[in-house]
Every structure is written in C-alpha cells, then in structure tokens.
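Reviewing the structure listed below.
Nothing in this text is a laboratory measurement; each read-out follows from the coordinates by a stated rule. Predicted model, so just to flag it, every value in this text is computed and none were measured. All Cβ positions, glycine included, derive from the backbone under ideal geometry; neighbour counts span all protein chains shown.
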Amino acid sequence: MSAAIKLAEMAGQSTLDFFQKPTTEVEIKGDNSPVTIADKTAEKRIRAELEKQFPHDAILGEEFGEQAGSTEYQWIVDPIDGTKSFISGVPLYSTLVGVVTGGSCVCGVIYIPGMQEIVCASTGLGAWHSTGGDFSRCQVSTKPLERGLFVVSQVDSFAQHGFGEGYRKIEEAAYITRSWGDGYGYLLVATGRAEVMADPIANPWDLAAVQPVVEEAGGKFTSIAGENTFAGGNGVGTNGSVHEQVLKLLA
C-alpha cells in the first residue's frame, strides 16, 4: 500500500503545477471529456515510476491505455479523476491508484492534491485517512438515507444513461444532495461524511481504487445492477446499510 500512496501523492502533487493557471490549455477528447497537460504529465510520471519499481506489472490508465505485463498484478490509474473540477479551479479532483489481481482490486488510494487529503485501503488491513498528518482508521457512517448525504458528479448524466427517475427518487429520499463528487464523493463515504455516492457511467480507472476503500471502511460497493465489480460500467458506494434501498430506487 505504501508504494501506491507514494505514486498517488507524487502524481497528484504534479497536477498542482497546472491547477488554477489560466495558461493551462484544455483539449476535448473523442468522448467529449476534457484533458489537460496535467492529466498527461501525472500519468506519465506514474508509468515511469512503475516501470522502475514494478517493471513486469501491467498498467491501465485513462490517458495512455493498457500496457501488458507478465505478473498477476495490474495497476489501474486515473491521474485526474474530475478533470471538469480541475479545469474549473475546484480543488475536489483526485488522483486514483488501484492494484488489481485476479480481477479484484486489493489496494486503492484516493488522493485530493488540492486539499492534501488522502484515504487508502488494502484488503484485510482496513481503510486509513489523513489530512496531511498521521493516518487514522476511518469508517462509514450508520445514518439512514433520510438523514444522509447523496453525492454525485454530474446530475444530468443520470437521465442521459437511463437512471433519471432513479436519481429523482434518491434525491427525494436523501436529506441532502450535492455534486462535485467523482473520487472525492467516495472518499466522503469512506470517512463517514456521506452515505451514498453514485456514478451512472464510469470506466474501470474511475472505480477500481475506490472499491477497496469503501469496502475496507465498512461500506458496500457494487454496480447499479448489484454486481460486486469495479468494471460494471457504473458504480454505487454506500455506508452499507442503505445500499439495497439505493439500488432499488435506481432500478
């Protein structure tokens, strides 16, 4: 886990060189999502370091795709999860690093460079949180949905992908709904500050790292269909006690 933490911190810190800088240009990719030199620089740094430390492991990253390996391990990275937040000058974007073996992510790191906040987890070792000092164990809340916080990244994406009615039902059931979620939303769930984070569409690099973080904090993470996977095309992370209720509302 220490190697994953160092990678996330190194890459995340590099993004601050371009954050809130008017000279940072934004490109639009084929899927209409934004990308900047900060995304590309951070992922290149992660890949370069992995090739030094773990040269035979596979790598999957948002900006430069998949690199085959000869071991059982694959590193799945998102240099900036929440590029729309990044280009808007909002410090709630994250750097995500996950380690996968046997189809399961066994180690995950969510690092928020703009706030120096990090949560990490490894299977069987619990989830740990830091805001710049020592790490301490973190855990999900026990709040019911009617007293809870529902976090999302982009509201209109629910309707665009067939979950508009489900979003409306959860918003009505929850006490508070807020956006700017992305990886930070899952961090909030893992540290007991939110009860639900949902992504109606997502890639493996958006979700691999967050699954062990939420689960090791005592919560539950699945696809909207209820599958125990980070590769289901969407994701829901909760404090566990509201999970089935949320999935039924989204169905």
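Give me the count of lysine pairs in the chain whose alpha carbons sit under 22 angstrom apart, restricted to pairs 8 or more positions apart or on different chains.
20
Taking neighbour counts of Cβ atoms within 10 Å as a proxy for exposure, in what order, fewest first, do ARG47, ARG137 appear?
Neighbour counts put them in this order, fewest first: ARG137, ARG47.
Starting at the first residue of the range 147-164, write each ³J(HN,Hα) from the Karplus equation 6.51 cos²θ - 1.76 cosθ + 1.60 with θ = phi - 60°, in whole Hz, x for Gly and Pro.
For the range 147-164, the Karplus curve yields 10, x, 9, 9, 10, 9, 9, 9, 4, 5, 5, 5, 5, 4, 10, x, 10, x Hz.
What value does the chain have for Rg/Rh, both radii from Cα atoms and Rh as Kirkwood defines it?
0.95
For VAL90 and ARG168, compute 0.36 nm times the residue count separating them, minus their Cα-Cα distance, and round to one decimal in nm.
Gain on extension, VAL90 to ARG168, equals 25.5 nm.
How big is the dipole moment of the range 145-250 about its Cα centre under a simple scheme where the beta carbon of each Lys and Arg is +1, that of each Asp and Glu is -1, and everything else is neutral? Debye, nearest 20, please.
The dipole of the range 145-250 has a size of about 180 debye.
Please list the non-local residues whose amide H lies under 5 Å from the amide H of SER179, H modeled 1.01 Å from N, same-chain partners needing a gap of 5 or more.
Answer set, sorted by chain and number: VAL152.
When the dipole is taken about the Cα centre of the chain, and only Lys, Arg (+1) and Asp, Glu (-1) are charged at their Cβ, what size is it in debye, to the nearest 20?
Rounded to the nearest 20 debye, it is 480 debye.
Could you rank the peptides 217-224, 124-131 by their average count of other C-beta atoms within 10 Å per residue, with the highest value first?
217-224, 124-131
Work from the charge dipole of the range 145-250 (Cβ charges, +1 for Lys and Arg, -1 for Asp and Glu, about the Cα centre) and give the residue of PHE158, GLY148, GLY219 farthest towards its positive end.
Value: GLY148.
Could you work out the relative contact order of the range 1-70? I mean the mean sequence separation of Cα pairs under 8 Å and 6+ apart, divided by the number of residues, in percent.
25
What nm value, rounded to one decimal, do you get for the distance between ILE28 and MET115 when each label is placed 7 Å out toward the C-beta?
Between ILE28 and MET115, the label points sit 3.0 nm apart.
Can you give the percent of C-alpha pairs in the range 2-137 whose distance is more than 24 Å?
For the range 2-137, the fraction of Cα-Cα distances above 24 Å is 29 percent.
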